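Just below is one structure, and these are the notes that go with it.
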Amino acid sequence: MRKSLPCTFAAALAAQPRRIRAPTIGDHGHSRRSAPPRSGLARALAATALFALAQAAAAAQSSGPHPGPAPRDFAHAEVHILKVQGSIYMLVGAGGNITVQTGSDGVLLVDTGYAAMSEKVLAAVRSLSDGPIRYIIDTHVHADHTGGNETLAKAGSTIAGGNVVGNIGASAGSQAAILAFQTVLERMAAPSEGEAATPQGAWPTETYTTPERKLFFNGEGIEMIHIPAAHTDGDTMVFFRRSDVISTGDIFVTNGYPIVDLARGGNIQGVIAGLNRIIEIAIPANEQEDGTLVVPGHGRLCDVADVVFYQEMVTIIRDRVQDMIKRGLTLAQVVAARPTRDYDPRYGATSGFWTTDKFVEAVYRSLKH
Ligand SMILES: [Zn+2]
């Protein structure tokens with residue numbers, strides 16, 4: 001049970017590929033989670049279509065509770081590039097969403113996708129910038145977000161004279177710095193029993209343990225914000241202050257209930273705290289649309305209104321389960337009471353890795369803990 005816990009929904013969707021239509025632009029994704037169309041967000045629509053394409057490809061070919069498609073299927077997966085705003089792009093299709101910041105100083109990446117996709121990710125980055133890859137920020141430990149660390153870090157270089165070279169040896173200077181919260185390194189260096197080891201070249205070269213770490217790169221302030229015990233115990237959200245974009249990692253996803261990785265220190269309360277933090281930072285433009293843009297861990301590009309809707313959903317379900325616990329209901333009774341019922345058409349899953357029942361169980365265990 002402690003084996004690699006996927007944070008992609010490809011596996012969950014694998015068992016129901018019939019529900020995934022081939023999307024076209026203007027098609028708001030897949031039928032079982034259709035959201036009302038949102039005018040003025042052509043970018044988001046495009047992202048949805050692109051993501052659905054990638055997801056459909058992955059879902060059609062993946063099997064079992066492992067994170068993502070089998071290796072042979074990566075050959076057919078494509079990485080799509082979406083301009084977000086300012087100096088930020090979003091890469092879709094390599095696993096978790098990847099955020100790219102480019103400018104005169106070089107390239108900064110938030111997450112790196114699956115290992116098997118890293119050459120395609122590198123090609124996508126190169127199509128955006130010839131500059132050196134200087135920084136990789138890992139939002140958390142999962143392989144669909146960190147698998148490309150080694151390849152992409154080796155394609156880059158650390159800024160000479162900085163204090164970013166870690167303690168893994170002189171060779172660290174000839175690669176990009178990999179930044180993450182401390183527990184990401186700990187979990188990679190000492191995997192739980194039954195977990196695959198992470199190659200040392202993929203480990204963070206510099207970690208932080210404070211609530212925030214700040215960087216200035218490509219002419220903008222960048223805040224790495226740690227949210228304790230949320231999706232995992234090592235989550236970082238990244239706020240690009242000038243571009244006005246937040247890259248959230250898997251604290252926020254658009255295509256299912258939040259995954260709470262209890263085995264790696266996750267907790268539903270932290271997920272809600274993280275969603276609240278996004279809402280706190282973000283400033284919407286007219287009528288709650290646009291303004292600060294949000295790159296989720298999985299799914300389409302969003303604005304703050306999307307996050308508010310999701311935060312309300314998660315909070316309402318948390319409160320319902322909390323109330324049931326107070327009334328003395330057992331886990332089985334809570335699951336049977338279906339506290340998610342009204343949201344299931346949009347976010348629920350009855351098969352695959354992260355079923356609705358597993359989500360309810362994770363909420364229950366988070367609160368019982
Ligand atoms: Zn994850």
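Remarks
- Positive minus negative residues near V360 (Lys, Arg vs Asp, Glu; Cβ under 11 Å): +3
- Gained length - A285 relative to S104, 0.36 nm times residue gap less alpha-carbon distance: 62.3 nm
- Relative contact order [Cα under 8 Å, 6+ residues apart], region 215-318, whole percent: 25 percent
- Within region 223-323, GluC sites (Glu not before Pro) in DSSP loop having at most 11 other beta-carbon neighbours inside 10 Å: none
- Share of pairwise Cα-Cα distances greater than 21 Å in region 240-369 is 40 percent (whole percent).
- Net charge, F216 excluded, C-beta distance under 13 Å - Lys, Arg +1, Asp, Glu -1: +2
- Under 5 Å from the amide H of D303 lie the amide H atoms of V294, each residue being 5 or more positions distant or on a separate chain, with H modelled from the backbone and absent for Pro and chain starts.
- When the trypsin sites (Lys or Arg not before Pro) in region 296-364 are filtered for DSSP coil states and for at most 12 other beta-carbon atoms within 10 Å of their beta-carbon, the remaining sites are R327.
- Distance from the C-alpha centroid of region 330-365 to that of region 186-229: 31 Å, rounded to the whole angstrom.
- Distance from region 84-131 to region 258-306 (C-alpha centre basis), Å: 21 Å
- Mean separation of Cα contacts under 8 Å, 6 or more apart, over the residue count of region 283-363: relative contact order %: 19 percent
- Neighbours of Q101, meaning other residues whose beta-carbon lies under 11 angstrom from its beta-carbon, give a summed charge of 0 when Lys and Arg score +1 and Asp and Glu score -1.
- Whole-Hz ³J(HN,Hα) from phi, Karplus 6.51 cos²θ - 1.76 cosθ + 1.60, for region 149-155, glycine and proline x: 3, 5, 4, 6, 5, 5, 6
Bear in mind that the values in this text are calculations on the coordinates, not laboratory data. As the structure is a computational prediction, the values presented were derived from the model and not from experiment. Methodologically, a virtual Cβ is constructed for each residue, glycine included, from the backbone with ideal geometry; neighbour enumeration extends over all protein chains shown.
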